[in-house]
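Participant: Got a structure for you, written out below as structure tokens; questions coming shortly.
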Amino acid sequence: MGYVALTPATPIRVEKLVSVHYFEYSSSYYFEGEAHDFWEFLYVDKGELDVQADEAVHHLKKGEIIFHRPGEFHSLAANGKVAPNLVVASFVCDSPAMRYFEGRTMSISDADRAVLAQIVMEADCAFSSPLNDPQTMQLERRTGPDTLFGAEQMTALCIETLLIRLIRRGEEPQPAPGQTSYIRERTQQEFIDRVHAYFEANISHKLTLADICRDNLVGRSYLQKIFREKTGGGAMEYFGQMKIAAAQEMIREGSHNFTEIASMLGYNSIHYFSRHFKKVAGMTPSEYASSVKALSGKTHTRL
């Protein structure tokens, strides 16, 4: 008997992308409203927002998301005190499973927030249309050799992933009281792992706390709180330690000199790199290069 291929079931499928935005509005922002023939979700990344959906009014806080079904009128208004940051995505999806989201507002987990961040990142790589322009009526494809392969498809897949995750969570039984601390611990570790992967991908860049918070859709206080609890230091300190660990590996490999390593890891100068190296490693790059540890781990002969 020969193999028989199975076509995977797709209970949620995004047929078309309409828009993906990341807005940073003022505390007095007001949008008089609209209705359209496609789905849209709005996630509050920072601040608070009042959202009218047909006749209902919802007060959304940071970490909450609302869905608007096709044809539903919706308007927005900031509270006059806190400037909101929003992720807004609209798309065509005719899957019957989308009925689950009609009239829903939901809280977002750290893992869900990672998917939202991926949606924004992939959309920014896929389209030249500014993410912060509310007047965008049509997405414009990026062209040229720097275009990221598969970014459009990844944007749609990440939206599908978010939708599936939210439906699954709604169908899961609530955890027993004794499980709460375990789930919180696991969620926090997943967050650390996600930011660690983000740091690895950006090890050659000069990141700020604002960059980290924006790209991972997380507040500064929460970011610092979790990193101090899990690592004993702040996020920037952790990133700096990762840079020095990468520098130590490069020194052991012997393929680059100190100036090249400093440049590859995003340091402004060899002097700043050397000072930071000594602060983290307890020795200068030259001392490390001649140490027993470096010599025993060397795979090349040239420093």
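Since every read-out is calculated from the coordinates, none of them should be taken as a lab result. Just so it is clear, the structure is predicted and the values come from calculations on it, not from any experiment. Backbone-built Cβ (ideal geometry, glycine too); neighbour counts: all protein chains shown.
Participant: Once you order the gyration tensor axes a ≥ b ≥ c over the Cα atoms, which shape class does the chain get: rounded for a/c under 1.5, otherwise prolate or oblate by comparing a/b with b/c? Could you put the intermediate results ahead of the total?
Facilitator: Working: a/c = 1.96, a/b = 1.82, b/c = 1.08.
Prolate shape, in that a/c is at least 1.5 and a/b is the bigger ratio.
Participant: Taking Cα pairs under 8 Å and at least six residues apart, what relative contact order does the stretch 16-171 come out at, in percent?
Facilitator: Working: 312 pairs, mean separation 43.3, N = 156.
In percent, rounded to a whole number, it is 28.
Participant: Please find, in a Gaussian network model of the chain (springs between Cα atoms separated by less than 10 Å), the residue of Arg214, Arg104, Arg113 whose mean-square fluctuation is greatest.
Facilitator: For the chain, modelled as a Gaussian network with Cα springs under 10 Å, the answer is Arg104.
Participant: Hey, another quick one. Give the distance, in whole Å, between the Cα centre of the stretch 185-217 and the Cα centre of the stretch 100-165.
Facilitator: Result: 18 Å between the Cα centres.
Participant: I would also like to ask the following. Dipole size in debye (nearest 20) for the stretch 16-171 around its Cα centre, Lys and Arg Cβ +1, Asp and Glu Cβ -1? Intermediate values should be presented prior to the final figure.
Facilitator: On the way: 14 positive and 24 negative charges, 86 e Å.
For this selection, approximately 420 debye.
Participant: Which of Tyr272, Tyr288, Tyr238 moves the most in a Gaussian network model of the chain with Cα springs under 10 Å?
Facilitator: Tyr272
Participant: Under a 5 Å amide H to amide H cut-off, with H placed in plane at 1.01 Å, what residues pair with Gly33 once short-range neighbours are removed?
Facilitator: Counting only residues 5 or more places away or on other chains, the set is Leu76.
Participant: Return the loop-located GluC sites (Glu not before Pro) in the stretch 1-100 (DSSP other than H, G, I, E, B) with at most 10 other Cβ atoms within 10 Å of their own Cβ; answer none if there are none.
Facilitator: Values: sites: Glu15, Glu24, Glu32, Glu34, Glu40, Glu48, Glu55, Glu64, Glu72; in loops: Glu15, Glu55, Glu72.
Those that pass, being in a loop and sparsely packed, are Glu55.
Participant: Which entries of Lys243/Lys278; Lys225/Lys279; Lys62/Lys230; Lys61/Lys81; Lys230/Lys278 have Cα-Cα distances beyond 19 Å here?
Facilitator: Details: Lys243/Lys278 12 Å; Lys225/Lys279 23 Å; Lys62/Lys230 23 Å; Lys61/Lys81 13 Å; Lys230/Lys278 24 Å.
Over 19 Å apart, Cα to Cα: Lys225/Lys279; Lys62/Lys230; Lys230/Lys278.
Participant: Across the stretch 227-239, in residue order, what do the Karplus-derived ³J(HN,Hα) couplings come to in whole Hz, using 6.51 cos²θ - 1.76 cosθ + 1.60 with θ = phi - 60° and x for Gly and Pro?
Facilitator: Per residue, the Karplus-derived 3J(HN,Hα) values read 5, 5, 5, 8, 10, x, x, x, 5, 5, 5, 4, 5 Hz.
Participant: Further, regarding this structure: Seen from all sides and averaged, what is the projected area of the convex hull of the Cα atoms in the stretch 183-303, in nm²? Show your work: numbers first, answer last.
Facilitator: Details: hull surface 31.9 nm².
If you wrap the Cα atoms of the stretch 183-303 in a convex hull and average its projections, you get 8.0 nm².
Participant: Expressed as a whole percent, how much of the Cα-Cα distance distribution for the stretch 28-97 exceeds 18 Å? Don't skip to the answer; put the middle values down first.
Facilitator: Details: 836 of 2415 pairs.
The proportion of pairs with Cα distances above 18 Å equals 35 percent.
Participant: All other residues with a Cβ under 14 Å from the Cβ of Pro96 taken together, and with Lys, Arg as +1 and Asp, Glu as -1, what is their net charge? Working shown, then result.
Facilitator: On the way: positive: Arg13, Arg69, Arg99; negative: Glu15, Asp94, Glu102.
With Lys, Arg at +1 and Asp, Glu at -1, the neighbours total 0.
Participant: I've got another one for you. Across the stretch 72-84, in residue order, what do the Karplus-derived ³J(HN,Hα) couplings come to in whole Hz, using 6.51 cos²θ - 1.76 cosθ + 1.60 with θ = phi - 60° and x for Gly and Pro?
Facilitator: Result, ordered by residue: 7, 6, 8, 9, 10, 7, 6, 8, x, 10, 10, 6, x Hz.
Participant: So what are the ³J(HN,Hα) numbers for the stretch 105-116, from phi and the Karplus equation (6.51, -1.76, 1.60; θ = phi - 60°), rounded to whole Hz, Gly and Pro as x?
Facilitator: Once rounded to whole Hz, the list reads 10, 9, 8, 10, 7, 4, 5, 5, 4, 5, 5, 4.
Participant: Place a label point 7 angstrom from the Cα of Phe31 along the Cα-to-Cβ direction, then list the residues of the stretch 98-131 whose backbone nitrogen is under 16 Å away.
Facilitator: It comes to 120, 130-131, nothing else.
Participant: So what is log10(I(q)/I(0)) for the stretch 16-171 at q = 0.13, 0.15, 0.16 1/Å, when the Debye sum runs over its Cα atoms only?
Facilitator: Here the Debye-derived log intensity ratios amount to -0.58, -0.78, -0.90.
Participant: Considering the chain as a Gaussian network with a 10 Å cut-off on Cα pairs, which listed residue, Leu116, Leu76, Leu42, attains the greatest mean-square fluctuation?
Facilitator: The residue with the greatest mean-square fluctuation here is Leu76.
Participant: Still on this structure, I have one more. Is it possible to state the helix-based mean residue ellipticity at 222 nm for the chain, with each DSSP H run of 4+ residues giving -39500 (n - 2.57), the sum divided by total residues, to the nearest 500 deg cm²/dmol? What is it? Don't skip to the answer; put the middle values down first.
Facilitator: Working: 10 runs with 129 residues, N = 303.
Mean residue ellipticity, 222 nm, calculated: -13500 deg cm²/dmol.
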